[in-house]
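Following: one structure in structure tokens, then a few remarks.
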Amino acid sequence: MDQTRAQRRRALLAGSLIGATVVLSTLSFAASAGAQGHGTHRATTTTTTAPPRIIPPPRPPYLRANAGMAFSTLLQFNSKGQLVVYGNRYVKYYLPPDALIPIGEALYAQNCQACHGVLANGVPPPGTPGKGFPNLIGLGPATYDFWIESGRMPAASTTVTQAPRGPAKLNHMQAIAISAYLNSLQPATPYLPYVNLKGADLSDGAALFALNCAACHTITGDGDALAYKTFAPSMRNVPATQVAEALRTGPANMPVFTGNLTDRQLRDVVAYVTERIEHPQNPGGIGLGGLGPVGEGFIGLALGVGLLALLGFWVGDRT
Amino acid sequence: MTDLPEESRTPVSLTPASWNDPHMQPASAHPEHVERVIAALFAAGLVAFAAFGAAYWQNWAPWTLGATLGAGMVLVGAGLTAWGKYLMPRGPFVEDRHVLGSTPEEVEAFNNALVERGATPVRRRKLLGGLLAGGLGVFSIVALFPLVRSMGPLPGNTLQTTNWRRGSYLVDRAGRRLRASEYGVGSVVSSVFPEGFEDDEEAQATDVVILIRAAKQGLQTSGPRQTWAPAGFYAYSKMCTHAGCPVGLYEREAVLLICPCHQSMFDVADGAIPVFGPAPRPLPQLPLYIDARGFLRSQSGFGQPTGPGFWERA
Amino acid sequence: MSPLRMPTRPKKPTAGPAAKPTGPYGRFGKAVEELDERLGFAKGGRVFLDKIFPDHWSFMLGEIALYSFVVLLATGVFLTLYYIPSTGTTIYHGAYLPLRGQRVSEAYDSTVNLSFAVRGGLLMRQMHHWACDIFVGAIVIHMARVFFTGAFRKPRELNWTIGLTMLVLAILEGFIGYSLPDDLISGTGLRIAYAITLSVPVVGSYLASFLFGGPFPGNAVIPRFYTIHVLIVPAVLVGLLTFHLILLVRQKHTQFPGGGRTEHNVVGSPMFPVFMAKTTGFLFMITGVTALLGAFFQINPVWQFGQYVPYNISYAVQPDWYMGWLDGALRIMPSWEFVGFGHTIPFEVFLPAAVFPGIIFGICYLWPSIERWYTKDALTHHLLDRPRDRPKRTAAGAAMLGLLGMLFVASSTDVLANFFHLSLNSVLVAMRVLVVVTPFVAYFVTYKICGELQALPEGGKRKVVNIVSLTPEGAYVATPAPRTPGHVELEPEVVPAMIELDEPAAPPNGAAEREDAPVPARSVRTAPR
């Protein structure tokens, strides 16, 4: 699968960093487990498999630990003192490598500059049709990566209300490069997330999905129309990384879930989305596109009543 | 079916029909062919039912149960229908209608029985009849108490008030107090409760609040509301003022709350005024403040009932 | 009563005096005789066996409803064995991973368990739900048939009323059953039902408190709805259904005119054996189709929706189709709330969800009276109308179906907007217009079509034969073939001989005027009434 390959490539990209941080993250397990246990739905703590609840140590009041911001169990700095990796055993956030900045700059000029402007501040060169181009300064690498890798950017049209998901126009490395360049203009979080789905709690993910996601994307993840011509996109075929990026950055009309979801909860939601929403197990038969009673009513009336009326035609007529 | 003489197309009553009568002949021109088809249907149905038994016994996938049962039923049913349709007397037969109403004599006899035998004795004993009617009347009124009144408590002021008080901490559904610094602009906490009531189902239905940190600030009109949303934190009752669905759909860029049930739209930055759809009233706003330790707390209650409208609502 | 006998085969000569007892019932003859001495069923049973059923497919629509009700009862009994009507909380420990360890109600827990842990449980639950969709749908098209052919006229007004009551109860029963699993979507439906109850002026908050046993959601509503769902409404439905069928037997079937069918007879196949075989076969086929739907189409996957909690919500939540028109009415209603004199009347809920269905069903209940008052037609009718021959009634029915159909479409504005990439707001505004306009358009279009159909040659039969001829100039001209003479006037045909009446052939005085009024000759072009 592409998605797994991309994740592997990303892992290789920062491979050395992972190796160095394994020990650190293992040591920090107890503290982080306590932090995540606190924010989890209480029902999950009653399972026999859940780790014992640990009272979290007092934290500085200004930030929630392991919730997508730089205050994390694991912090890794480079020789220049720049934060390159943060996160924990559930999600690690990587800074795109500086080596890609020149490539990214060239790609930006080629693909993005016409609308977002030379300074990436949303002011295009005079004479460009359209208006309201977003300022890209200081949004964090995850934002740039999400928009490019989900195929929404570079946009096919500058007038459409909401850019739809599509095949990516730039490859993974190009997206990383552009992210590196834009982030170099004003470094910010969130970095590029890498979710470790191993050992994810699907039950927690399902509960969090119902709480936070279903109101817009529907409980089956099929998406629906929002106000005016905006829409909550379908969550089918969204790679794990992009689900995490969307949660942490809040693209377009989507709220930002930084601070609201811990990294452990993020992992659970991503696991639920990629395992169950994108690959629904429909033990009862054809899933009817997740349209719920609309599709069911259609089948019930057309196939059920309609077919039976046709049968009744055969049964009843004798002339 | 059409090779029978024309007079057999006229309906006959059932009486004189005999086995020589064309009406009694099988409807099909080639009954033996049909019989073979029906036999095949019944045999296939038998096999399908046996397969259903096997599927149940062996606990195969759920769809195999329905497929075998359904196939068996449809096959046997089709065979049975074909039997009746093609192999049984072709008819048509006729039956007379009888006059539905009674003759005047019958009506008169009935009336006499009713009035002479029944009503007159009652009319002569007015006291007994009146007392009996009175007793039954009292019973039917009294019966309303167990039937209706005992069904639930009087509503009282449960619809009018919530559990939000001055200084209530905002907590999420796990009971964790919310800290202003944890939420960046564009964040939303979809379900927030007053501390101590996050597990109470009935309180959840009236108290629940959606907390939004909006980018647009200072758009609220003048008056006390200016201080209700510190640092852009807007807390609105999550119960739609239309039909009470949780208004959980927040559009960050449009700064709109939308009810997923009937698509009422509320302008978050302007007191959640309904801008579209059937909702009649703004979502009640919870006045917030951030205390010295950075926790989000309520200045007071909503000051009005949450949720859909009702008669006693002022 | 002159004996009506089904023909029997000529008896074969018996072997001898020592032969076994003959008679049609063989060795059971004695038992049958004994039973009849006590019950006398041979008298009444004969009438039952001889009952004539018209051979027309449209009479089968009611049977779909009847037999899907049988499927509902059978599958429903199975479900009661495993379902627990309680809101008491428990921890889910079943097979479905994404729920494991969550705190759920016993109702929800048992629903998921009977789907996954009970062998055949998922099939039974899905069959129950599909049969419900079919049940209500079949009632609706059955009633449409009765309406458009005028079968509700005297003497069948009472049966129309009973049938309509059964439709109301079926819708109610469906909604209540939908609420029982206590999943996210059914709970949302209950929340809206609570708001509707609350919206009743003056007594709303009391009604809501009594119905739910206190504030929403409370713990009373699931057990109460369970009792209503498995006992009260089914019992009333069975009673009404029995009465419906008794009236059907007493008043006998209606029938379409032609082919020896008159106001004074019923032509068709006898109950035994022809109709018995066909209808039992149909019962099997209806069960089979329901089972196939249950096998191959997933319905209401409650495990995916999760336990209902009052603060969670999913988008694209619609009720089952038969409640869709009410949901659509709630959506398109403008926000007209009355506030004054210290009170609130939430018209934006009360009008579409309480008053409007009352008006719709009220019109349906009163329709036989309305039509009788309008046409001044107090005669007994056993022959059915062709819809085109009663253009005003047909158009009115089409307008009603158009209105309800448009409201049904309005209940999925969000799905439509998403599917066709339209603005949600524009779709809703368009639906407001369409709901108002459609009934009128449907009325006039239907009225016009009825007129056109009446004007067709051969009384409106679809097959118009054109004769194509070559003109001397070399052009082709198509001219309709001349009408067949027999089709211009549809006189009631004389019933063939061999009819023996229970009563004297000439009814006593008075009855002739009341019941046997001459049937007016029907011309092809009937003046619209």
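We did not get these values from a lab; they are worked out from the coordinates using the rules stated. Quick caveat, the model's predicted, so the values are computed rather than measured. Here Cβ is always computed from backbone atoms with ideal geometry, including for glycine, and neighbour counts include all displayed protein chains.
Find the centroid of the Cα atoms in region C:61-100 and in region A:247-319, then give the distance between the two in whole Å. Value for the Cα centre distance between the two parts: 20 Å. Decide, for region B:118-253, between rounded, prolate and oblate: order the square roots of the alpha carbon gyration tensor eigenvalues as a ≥ b ≥ c, take rounded if a/c falls under 1.5, and otherwise choose prolate if a/b is larger than b/c, else oblate. Prolate, since a/c reaches 1.5 and a/b exceeds b/c.
Ordering A:L266, A:L107 by the number of other Cβ atoms within 10 Å of each residue's own Cβ, fewest first, gives A:L107, A:L266.
In peptide A:197-209, what is the residue-averaged number of other protein chain Cβ atoms found within 10 Å of each Cβ?
Partner Cβ neighbours, averaged per residue: 4.
Rounded, prolate or oblate: pick one for region B:47-193, where a ≥ b ≥ c are the square roots of the eigenvalues of its C-alpha gyration tensor, a/c under 1.5 means rounded, and failing that, prolate if a/b is larger than b/c, else oblate. Cα axes put region B:47-193 in the oblate bin.
Derived scalar couplings between HN and Hα for region B:172-185 equal 8, 6, 8, x, 7, 5, 8, 10, 4, 6, 6, 10, x, 4 Hz in order, rounded to whole Hz, by the Karplus curve 6.51 cos²θ - 1.76 cosθ + 1.60 (θ = phi - 60°), x for Gly and Pro. Of the cross-linked pairs A:K92/B:K238; B:K85/C:K252; C:K30/C:K51, those separated by over 23 Å at the C-alpha level are A:K92/B:K238; C:K30/C:K51. Sorting B:248-261, A:234-247 by their mean Cβ neighbour count within 10 Å, with the most densely packed peptide first, gives B:248-261, A:234-247.
Taking every full run of DSSP H in chain B, the ones that stretch at least 15 Å from end to end by Cα along their long axis and average 1.6 or higher on the Kyte-Doolittle scale are B:126-142.
Between C:V236 and B:E35, the simple spin-label model (points 7 angstrom out along Cα→Cβ) gives 5.2 nm. The phi-based Karplus calculation (6.51 cos²θ - 1.76 cosθ + 1.60; θ = phi - 60°) puts the 3J(HN,Hα) values of region A:105-114 at 4, 5, 5, 4, 4, 6, 10, 10, 4, 4 Hz, whole numbers, x for Gly and Pro. Here chain B is treated as a sphere whose radius is the Kirkwood value from Cα pairs; by Stokes-Einstein at 20 °C and 1.002 mPa s it diffuses with a coefficient of 76 µm²/s. Counting only other chain Cβ atoms within 10 Å of each residue's Cβ, the peptide C:420-429 averages 5.
What is the packing order of peptides A:143-152, C:70-79, A:118-127, taking the mean over residues of other C-beta atoms within 10 Å and listing the highest first?
A:143-152, C:70-79, A:118-127
Taking other C-beta atoms within 10 angstrom as a stand-in for reagent exposure, A:K92, B:K238 fall in the order A:K92, B:K238, fewest first. For A:L83 and A:V123, FRET efficiency with R0 = 30 Å and r from the beta-carbon atoms, rounded to 0.05? The pair A:V123/A:L83 has a calculated efficiency of 0.55. Is region C:94-237 best put as rounded, prolate or oblate by its Cα gyration tensor, with a ≥ b ≥ c the root eigenvalues, rounded for a/c under 1.5, and otherwise prolate when a/b is larger than b/c, oblate when not? It comes out oblate by the Cα gyration axes. Taken residue by residue and averaged, Cβ atoms of other chains lying within 10 Å of the Cβ of C:213-224 number 4. Its relative contact order, with pairs defined as Cα atoms under 8 Å and 6+ residues apart, puts region A:87-170 at 18 percent.
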